[in-house]
Structure formats: structure tokens, C-alpha cells
């Protein structure tokens, strides 16, 4: 059954808000935590800080060692000291930590093989990074790739150089352009708060490393013969011991409620009681440290941290270094030449590929034309030729062989046909109608006879077979046309016309007189009248002998 | 408005633990003290559904059953959940059923029914989605019962009875609680609890 919240509260009690309770609980927990923290924070921070500083120094030393190895591997081992000095100076001037500078230096040295170019590229990378807003490592990557001809990274940095420019410019030209474009950007970036903070960060990191080194030295001294390795072990042991102590204190505070205030009170009392002693110890530490440093100064050659660092003023070593440097620079120059040649070669290869692509495009066009031609009305041989061309375009050897064979056969047959036709042309073909005059009857004579027969009635049937006309005193001359299928007869008046000279019918012409009564309206009526007249004439017993001329005369 | 007392819950806990007989007696006294209001409220509940179809069907709308509604109006001595202001009530009269609550409060906020938006109108329980534009108005009109009380304590059943009671029940309840408190204090010598007292 559903329930409602309709009710009348008669007695109510304030139990407090949840938030109050939570806040109260949190406050209590915080109080406890602070109490615990108060007893432990100094110790833990101290241990953590010392460990962190020691770790920073160890990391720094490791990075320096890696750089030295890298430089040595690329033939720039002589440059290790100078590289460290350069990195130190650059770190102080740019605010970029040596943690970033060392890998960058090693990377550029690997690519260029030259100390000078490496340092120039680092400076350029700093300005470019500040100018473009990219991080230093990315710019170093892009520059190192650009040095070997891969400008893709530079394009992604949005330096303002177009793709066409990047693909056609050499590294020297690109570096020159970037140098002009971003000149002073790095320095400008250090003038703001962020820049100053970066510089401060560098100082803090340096201090951390320096303190860490001191701490490691102290531990190493305490560790005896084991040296720095023993120091690491000592740090580990100390850390573990401190951690256990802190855990023990925390447990005590947790389990015994009264322990917290007692510990705090005891801590305050101890600090108050020992503060003069602590001050004395601190002063003694400083004094002992000063004595140690004084001893160190007298026993060691001061380190030159300037931009150019040489381990000794020994002339032989200097000469050796100078020789190695010259050799390295020479090798770097050679490498750069080789790179330039390689770039040029690559460019040519690219252009060749471009040409090849264009040529292929033409081939494609040709393919289209072949396909279009194949769809048209062509001879069998042309079809084979087109198919062969298509096979050649497709570089299909099987098809090429097939159509080549077919084409050869077709050509052979064509040749045979040509020869046959030539032979036929040379042969004399007799006139198939030559014997017509004697054998098949004289066609012309037969036609003339037929015409003569027609003459006997003096009638000519028109070609349409429906009309007729009468004529007389005509000579018929019939000719067979050259196509041997048609003939024509021409007529001319002649006294020798047998039909005229010897007419078979010698009856005198019948004259029919037709009187037209009324008006002649139409030709048909007239024809009918004439026919009626002729019929009447026949019915009267007169012979029917008439011709068109006579009728017309009568009319 | 409820009267704020301190120590009631503490007393109830102590009674259950140390004087169950007194706890039982307190419940009896509270039942007697609230009987008038409960009885009156039950009497205001209609014996048949105000709308004939409200008592039928299997729809989602809570079915009106007069007996269930009447039985749902009763005294509760269970400690309520703490509200957002941090208050908890241990003695109250409730109208527990959904149908009873509907009859109690229908038209309290919108005397002419909820704003009508129709079946295709914007979703939400604040609008009437009935095809009949006047469904809400007609439903409220069919309730018939008189609404009494103030603001959120205004209704046709429990709130009406409580309003008409004019605080007599509340006094009786307080009297019963204080009596039990005194008895318990006398019995235990006042060492168990600090005692029930009116909050400052």
C-alpha cells in the first residue's frame, strides 16, 4: 500500500542537521590529523626532502653521463665539458631545465655531428619555441628532422613557412628564415612573470641538485668504502626507519587518545629545551662546512663554468682537442654535403616520380581511347591490334602473347588475300555476254522485233504500264546499257521504217466527228462523250480503226 | 506546528530498555489523547468513493477504499526520518493511504484543478494531461468535504480534525509524555536521562 506524508507532528525534536554532524566529524578528524601531522610532518618532510634532493642530484648526474656517452659515440667526446658548460649557461639564460637541454643537445649532436651547429640549433629552437608557443622539445625534434630533409615536423609547428617553401628550401635557408622570424622571441618570453618563474624554477632545481649532491657526499662519507652506492643504501635504510617510526607514532596516537596531546606537549617541550642546542648544532654545521670548503678550495682546481670550458691549460691536450674538433667539423661538413646531395637526389626522384605519374596519366588516357575504339565498328584485325595495345598498357604478358599471335595470323591472311586479289586482277576475264548475239538470240534484234510488233499496232506502252500512245514513222534503235541489264530504244522518223513503208493495215482512217452539245465541263465528261461516239460508230457497223491523232483531229 | 521538545527520543529509548511497562502505558495514553482527532478525521472520510469510478478499475490512480482510508488515519509513535531542517517527530497522527491523502489535499494548491495542457502537452505532474479540460475542476468539486487548516496543514480529513481540535490533543499528548517522564524519573531516580523538557 502506498503511503503518504500527510501527518500531524505533535512532538518533534531537533536532532541536528547532517551537515553539522559531518562538519563536526570532519573537524574532529582534522584535529586528530593535525595533531598527528604536527608530530610527524617535520620528520617526514625532512626525510622526503632530503631523499628528493638526493634523487634530483642522482638524476642530473645520470643525464650528464648519458649525454657524455652520446657525444662520445658521435665523435664529439671532446666536447662533453663544453657541452655541459653550454647547457648550464643556456639553462640560466632561458629558464629551460637541463633535464630538457641535455637530451636535446644529444639529439642534435647525433644529427649534425657538429658542436657549433648543435648549439646554433638549440638557440634557434629556444627562439622558435617561444615565438610559436610550442614546447622546446617539439621544436628540437622538428629542427633535427628538418636538418635531414624531413620538414613535416616544421610544418606542424605553424612557423609560417608554406609547404612549397619547406619542400624547396634547404635547411640553411629554413634556419635563416626562422632566425629572422623569431629573433628575440625567447628573450621576450623571459620578461614576463612566467619567464621569471621559469628562471626561478631553474635556480630552485639547481639548489635542489646541489643540496642533494652535498647530502649524497655526506652519506657517502658516512658509508665509508662503499661510496655513493653505500649512500643510496643508507638513504633507503634511513627512509625505511623513519617511515616505521612515523607509522608507530600514528598508531600510538590512534589507539591511545591521550597520546596525541602528550606527544605534542612533549615535542614542544623538547623543542624549547633543545632550541639552544639546535642553534648551536646548526652553527657548528655551518662552521664545519666552511672549513671543509676551504680545504676543498686549496686541494682542487677551481671549475670554470663559463661558456668555453677546457679541462686543462696543457697545450698538448688543447691541440689534441682542437684537432679532434677540426676533424669533427670536417666530418660534419662532409655529412652536410652528403645530406644536401641526398636531398637533391631525393628531389630529383620526386620530380621523376611526378613525371612518371603524368606519363601514367597519359597511358590512362590512351586506355580510355582504346576502350572507346573497341566499341566502334572495326575490322577483326583492328580489333586484335587494339586488344594488343590494351594488353601492352596493362603489361599483361599472357594477353600480349595471345594477341601478338592472333595479329600475326591475321596479317598473314591479309597478305594471302592481297596476293589472291592481285592474281585475279592480272587475269583476263572473258565477256560473259559475248555469245549473246549468236547463241542466246539477238537481244537487240529481239527488242527491235518487239518494238516492231508494237509498231504494227502503232502503239507504245508507257513505262508505267498503264498509259499508251500511238506513233508512226519512227525508226527504233535499241541499245543495251553497259551494265547489261538495261536497255533503251530511241525513235526517229525514217522512210525506211518497215512499219511505215509496209503497214500491215492499209484501211483508211475512220473519221469520227463528235459534236459536243452543251458545255464541256470536265475532261472525264469529254472522254465519256468520245467513247460514246466511238461506241455508236461501232454499233453502226463501221470498223473500229482509230488513232489518237484521228480522234484529236475529229474533235 | 509541532511543539519542540528535547529528550523525547532519549526517554523513549530509556523506557524501552528500563521500563517497558511505562512505555506501554505511554502508548495507551497517547492513543487516548489522540483518539478524538483520529476519530473525527476518520469520520470525515466518505463511506463511498466521491466519484463512482474512483472505487473501481485497475488503473494506476490509487483506488479509494473507505475502510482502508479510515484505517490509514492513526497515531504513530515511530520516530520519523529527520527532515532537511534536522527535526524528527516521535509522536504524530498520520493519514497513511494515498487515496486518503488525495481526498485530504485535492484542490489545496489549485482550487480549479491543475493547469490543463492536454494529453500532448508538456510532461510533468504539475499539469493536467486529461483529455477533459475540466477534469481537475470536476474532480475537486466532487470531493464535497470542507477544507480546514492553514497553508500546508489544510485538508479535508486529518488537518480538518486537527484544526477543529484547537490544540486540545496536543496538550493531552504533552501531558501524557511529561507524566511518563516524571514516573520514569521517579522510578530511576533521575540518573538515566536528563528528562524531557521544552526546547528553548
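Table for the structure above
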item	result
Cα gyration tensor category, rounded, prolate or oblate, for segment A:90-174 with a/c compared to 1.5	oblate
DSSP beta bridge pairing in chain B, given as percent antiparallel to the nearest 5	90 percent
Value at 222 nm in deg cm²/dmol, rounded to 500, when DSSP H runs of n ≥ 4 in chain B each add -39,500 (n - 2.57)	-13500 deg cm²/dmol
Highest-first arrangement of A:326-333, B:89-96, A:96-103, where packing means the average Cβ count within 10 Å	B:89-96, A:96-103, A:326-333
Cα gyration tensor, chain B - rounded (a/c under 1.5), prolate or oblate	prolate
Within 10 Å of each Cβ in B:74-86, the average number of Cβ atoms from other chains	3
Counting all C-alpha pairs of segment B:139-192, share separated by more than 16 Å (%)	60 percent
Shielding by partners - mean other protein chain Cβ count within 10 Å, residues of B:156-167	1
Rounded, prolate or oblate (a/c below 1.5 giving rounded, otherwise prolate when a/b exceeds b/c) for segment A:335-435 by Cα gyration tensor	prolate
Proxy reagent accessibility, fewest Cβ within 10 Å first, across B:116, B:162	B:116, B:162
Ascending count of other beta-carbon atoms within 10 Å, so fewest first, for A:9, B:56	B:56, A:9
Per-residue mean of C-beta atoms belonging to partner chains within 10 Å, peptide B:92-100	5
With eigenvalues of the C-alpha gyration tensor scaled by 5 and rooted, segment B:35-125, Å	27, 21, 12
Alpha-carbon Rg with Dmax, taken over segment A:45-200, Å	16.7, 59
Relative contact order of chain B, defined on C-alpha pairs under 8 angstrom at six or more residues apart (%)	29 percent
Inter-centroid distance (Cα atoms) of segment B:1-57 relative to segment B:120-149, Å	30 Å
Span from the segment A:151-205 Cα centroid across to the segment A:253-280 one, whole angstrom	56 Å
Segment B:106-151 - convex hull of the alpha-carbon atoms, volume per residue in Å³	62 Å³
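Bear in mind these aren't lab numbers, they're just calculated from the coordinates by the rules spelled out. In this text, all values refer to a predicted model and were calculated from it rather than measured experimentally. Ideal geometry is used to build each Cβ from the backbone, glycine not excepted, and the neighbour counts take in all protein chains shown.
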